[in-house]
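For reference, the structure is listed below as structure tokens.
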Amino acid sequence: MEFDRAGMNALMDIVARPELVFVRGEGSWIEDHNGKRYMDFIQGWAVNSLGHCPPSVRRALEEQAGQIINPSPAYFNGPSMALAKRITGASCFDRVFFANSGAEANEGAIKLARKWGQLNRKGAYKIITMENSFHGRTLATMSASGKAGWDTLFAPQVPGFPKAVLNDLDSVKAHIDDETVAIMLEPVLGEAGVMPATREFMQGLRALADEHGLLLIVDEVQTGFGRTGTMFAYEQSGIEPDIMTLGKGIGGGVPLAALCARESVSCFAHGDQGGTYNGNPLMTAVGTAVFDELMADGFLESVRQRGQQLSEGLLALSEKWGLKGERGSGLLRALMLDRDEGPAIVQAAMARTPEGLLLNAPRPNLLRFMPALNVTEEEVAWTLARLDEIIAQVRK
């Protein structure tokens, strides 16, 4: 297969893409149009929770496509009810609204919190979010995000999102006023460099929300559906949020997301929320298949084991090369570098022959790892060994 330059030029230029086309994948491996294979430790930015083309996802798509694909969200369908029942049964939430992306789910959470504020807090609408957070690329979710520079990129922003500092409860308290309706955060700040909220901070937020009659919203678009070693990351803090959003791994590679809420918070009136493709049976059938695989005996324990293996391996590399350690939760981890070599390591890893390695550097001095949740012990070991070689190559 030759690279289609006309096709490349027909696509809107929104990111610097290498001149290669991925044509097939299986598990942790992906292959380009030249036949070169790559170990994929990005997996669509934590989207491919079961790796590339998992049999359970393929089966669900094929079987559901032969029955019904989209009867319209104005009617019930079996797969959406089945997946909603699974999510509520495994969590503290009572109601689920399915969407197509994490940003759309977060947009829905913002709308739901503001509607709840209209009904219960005299029109309160402000949602306290965190510095360096990432909640999506719509206007409202960009405004909610604490990513540097986004306040002017598509100005003016949507108002009502004061920024606090992760793991600093006093900074949250300082922003609470009569117009505050909720506190919203990622249990692990992914784009910021895999920065986990502490158990104490999460518990402090729950207590603070209860004290002031506020909602607590967890954005688990990246951390939900097993990524951190439990089905949902909030479980590790011993708290129960009022609203949760899911995305990325919930669909195992297909466009699927969810807005989850307690019954007392589920205050949308008919017509307040919707979406042409939302909750369609083709996507929710896949979500159900992913859920069932994650909940199989031993699966999440394996995620925790591989997360521990990756953590220990990254710490060993850090010690060997004089780096600044590692952090994360489960199979969402980061290696902190001692210099701005992240992009160079990413490029060298991709260019490596005969087999490449796909890595991510959300910050110049940091690498982020988001492998498939069913990555094997051998694949983690292979990646750590290759990373050692690549660091040596870059530092040469």
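The values are calculated or read from the model by the stated rules, or taken from the named source; none is laboratory data. Computed from a predicted model, the values in this text were never measured in an experiment. Every residue, glycine among them, receives a Cβ derived from its backbone with ideal geometry; neighbour counts consider all protein chains shown.
Spot the failing condition for GLY193; the list is (1) surrounded by fewer than 23 Cβ atoms within 10 Å (Cβ to Cβ); (2) small (Gly, Ala, Ser); (3) part of a helix (DSSP H, G or I); (4) touching a residue at least 60 places away in the same chain (Cβ under 8 Å), and only one is missed.
For GLY193, the failing item is (3).
For the range 28-51, does any single residue satisfy the condition of being part of a strand (DSSP E or B), of a type in the set (Phe, Trp, Tyr) and assigned by TED's automatic domain parsing to the domain that holds MET370?
Among the residues of the range 28-51, at least one is part of a strand (DSSP E or B), of a type in the set (Phe, Trp, Tyr) and assigned by TED's automatic domain parsing to the domain that holds MET370, which makes the answer yes.
Spot the failing condition for PHE134; the list is (1) in a helix (DSSP H, G or I); (2) in contact with a strand residue (DSSP E or B) (Cβ under 8 Å, 6 or more places away or on another chain); (3) surrounded by 24 or more Cβ atoms within 10 Å (Cβ to Cβ), and only one is missed.
(1)
Being closer than 24 Å to SER49 by Cα, touching a Ser or Thr at 6+ places or on another chain (Cβ under 9 Å) and either at pLDDT below 95 or surrounded by fewer than 18 Cβ atoms within 10 Å (Cβ to Cβ) (or both) is the filter here, so list the residues in the range 303-335 that pass it.
Within the range 303-335, just ARG304 meets the criteria.
Given the residues LEU317, LEU332, LEU359, which is the only one that is in contact with a helix residue (DSSP H, G or I) (Cβ under 8 Å, 6 or more places away or on another chain) and either within 17 Å of GLY226 (Cα to Cα) or not assigned by TED's automatic domain parsing to the domain that holds LYS36 (or both)?
On the way: LEU317 fails: either within 17 Å of GLY226 (Cα to Cα) or not assigned by TED's automatic domain parsing to the domain that holds LYS36 (or both); LEU359 fails: either within 17 Å of GLY226 (Cα to Cα) or not assigned by TED's automatic domain parsing to the domain that holds LYS36 (or both).
Step by step, each of LEU317, LEU332, LEU359 is checked, and only LEU332 is in contact with a helix residue (DSSP H, G or I) (Cβ under 8 Å, 6 or more places away or on another chain) and either within 17 Å of GLY226 (Cα to Cα) or not assigned by TED's automatic domain parsing to the domain that holds LYS36 (or both).
For the range 70-89, enumerate the residues that are in a helix (DSSP H, G or I) and more than 14 Å from GLY287 (Cα to Cα).
Once the filter is applied, which keeps residues that are in a helix (DSSP H, G or I) and more than 14 Å from GLY287 (Cα to Cα), the range 70-89 yields only GLY89.
Looking only at residues that are in a helix (DSSP H, G or I) and out of contact with any helix residue (DSSP H, G or I) (no Cβ under 8 Å at 6 or more places or on another chain) in the range 152-190, which one is surrounded by the most Cβ atoms within 10 Å (Cβ to Cβ)?
Within the range 152-190, the match that is surrounded by the most Cβ atoms within 10 Å (Cβ to Cβ) is SER171.
Sort out which residues of the range 26-47 are of a type in the set (Asp, Glu) and either touching a residue at least 40 places away in the same chain (Cβ under 8 Å) or under 22 Å from ALA257 (Cβ atoms) (or both), and write them in order of number.
Passing the criteria: only ASP40.
Check SER28, SER49 and return the single one that is closer than 18 Å to PRO255 by Cβ and in contact with a helix residue (DSSP H, G or I) (Cβ under 6 Å, 6 or more places away or on another chain). Give the derivation first.
Values: SER28 fails: closer than 18 Å to PRO255 by Cβ.
Criteria check complete, one pass: SER49.
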